[in-house]
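Peer 1: I am attaching a structure below and will ask some questions about it afterwards.
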Amino acid sequence: MHRIFGPVPSRRLGRSLGIDVIPHKTCSFDCVYCECGATTNKTCKREEFYPLEELLEELDERLSSMEVRPDYLTLSGAGEPTLYSRMGELIRRAKEMTGLPVAVITNSSLLHMEDVRRELMEADVVLPSLDAARAESFIKINRPHRRCDLAEIMQGLKTFLSGYKGKVLFEVLLIDGYNTEPEDLEALKEFLDSVRVDRIQLNTVVRPGTIRELKALGSERLEEIREFFGPKCEIVASGYTSAKGKETDTEIEEILSLLKRRPCTLEDIHNSTGIPIPGLIKTLDELIEKDEITTNVFNGKTYYTTEAKD
Ligand code: SF4
């Protein structure tokens with residue numbers, strides 16, 4: 001069994017240790033941009049694909065062999081994690097066993113199911129996605145299982161988000177010609193304005209998906225859409241640089257929140273946030289100048305920290 005992977009440096013979650021609860025490639029969708037390849041088992045039926053006890057055992061083994069603990073445990077992988085029928089128990093027991101917070105990445109397709117919503121409440125962070133709020137575009141980009149109904153999914157998301165107390169990082173992936181017509185963006189905005197989210201994260205295709213000739217959105221277009229979606233929206237597409245060529249406020253927030261958790265070297269911050277080194281050095285220098293962070297040298301290494309110098 002190799003169901004535990006990473007830790008993977010993640011812009012959104014720091015160092016995240018993944019728990020892959022779904023066999024490749026089992027999903028309720030077959031998105032045109034999926035980097036895991038075509039869906040071979042398109043299903044909406046929840047199952048205990050791997051025994052819960054084995055997953056927990058493997059997690060325990062992996063963590064005991066790690067020198068530095070991850071920031072998060074994340075249910076993700078090559079498929080839709082909410083299809084795992086013992087998800088709630090897995091989240092609860094993994095948290096009890098490790099003391100680590102748990103994040104779940106989901107395509108939102110099963111949120112119309114009461115048991116899925118209840119189980120997902122156990123997670124500390126949920127990263128739901130919705131790429132389209134119009135049925136035509138939803139079918140074109142996500143190629144869902146025939147039982148997935150967009151109106152039901154959106155209602156399920158609304159119900160879940162109205163009761164969920166954890167952090168919500170909402171992802172929208174945009175592809176030219178699939179979900180970027182003015183009516184698509186209007187419908188998405190209307191939906192996003194009606195739910196409680198902490199962040200709306202815009203992404204676009206960066207690697208070939210199951211359809212090769214997909215067109216990514218350029219920085220300028222992404223910036224326009226970010227503005228249209230409002231202040232909670234940020235761009236997380238890999239390789240994106242803002243029009244002003246400056247690090248965004250979000251990046252500064254990410255750095256500060258990481259350093260509040262623990263002192264880090266330049267390399268640690270780069271690995272956790274994905275911010276390129278030259279820009280990162282400049283931002284760190286600016287934060288030092290503003291007295292928001294300081295440096296300490298320990299064992300010959302320079303650590304950045306938000307704690308005051310001794
Ligand atoms: S929901 Fe995720 S795993 Fe499923 S096809 Fe889409 S991108 Fe791939």
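Peer 1: Which of (1) under 19 Å from the mean Cα position of the chain (by Cα); (2) outside any strand (DSSP E or B) is the odd one out, the single condition E190 does not satisfy?
Peer 2: Answer for E190: the failing condition is (1).
Peer 1: Out of region 68-114, which residues are more than 16 Å from the ligand (Cβ to nearest atom) and charged (D, E, K, R)?
Peer 2: Correct list: R69, D71, R86, E89, R92, R93, K95, E96, E114.
One line per residue, one yes/no per condition, for (1) in contact with a Lys or Arg (Cβ under 8 Å, 6 or more places away or on another chain); (2) away from the ligand (no atom under 16 Å from the Cβ); (3) open to solvent by 60 Å² or more (accessible area, probe 1.4 Å); (4) more than 28 Å from D268 (Cα to Cα):
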residue	(1), (2), (3), (4)
H24	no, no, yes, yes
F29	yes, no, no, yes
V32	yes, no, no, yes
C44	yes, no, no, yes
R62	no, yes, yes, no
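Peer 1: Quickly run through region 140-158 and pick out the residues that are more than 13 Å from the ligand (Cβ to nearest atom) and either part of a loop (DSSP other than H, G, I, E, B) or under 18 Å from C44 (Cβ atoms) (or both).
Peer 2: Scanning region 140-158 gives R146, R147, D149, L150, A151, E152, M154, Q155, G156, L157.
Peer 1: Taking E122 and the conditions (1) among the acidic types (D, E); (2) outside any loop (DSSP other than H, G, I, E, B); (3) surrounded by 16 or more Cβ atoms within 10 Å (Cβ to Cβ), which numbered condition does it fall short on, given that it satisfies the others?
Peer 2: Only one criterion is unmet by E122, namely (2).
Peer 1: Restricting the first residue to region 98-113 and requiring it to be part of a strand (DSSP E or B), which pairs with a second residue that is among the polar types (S, T, N, Q) meet a Cβ separation below 6 Å and a spacing of at least six or different chains?
Peer 2: What qualifies is A103/T74; I105/S76; T106/T82.
The values are calculated or read from the model by the stated rules, or taken from the named source; none is laboratory data. Here the structure is a predicted model, which means the values were calculated and not measured. We place every Cβ from the backbone using ideal geometry, glycine too, and count neighbours over all the protein chains shown. Side chains are part of the model used for accessible areas, which takes the heavy atoms of the whole protein and leaves out ligands, DNA and RNA. Shrake-Rupley method; radii C 1.70, N 1.55, O 1.52, S 1.80 Å.
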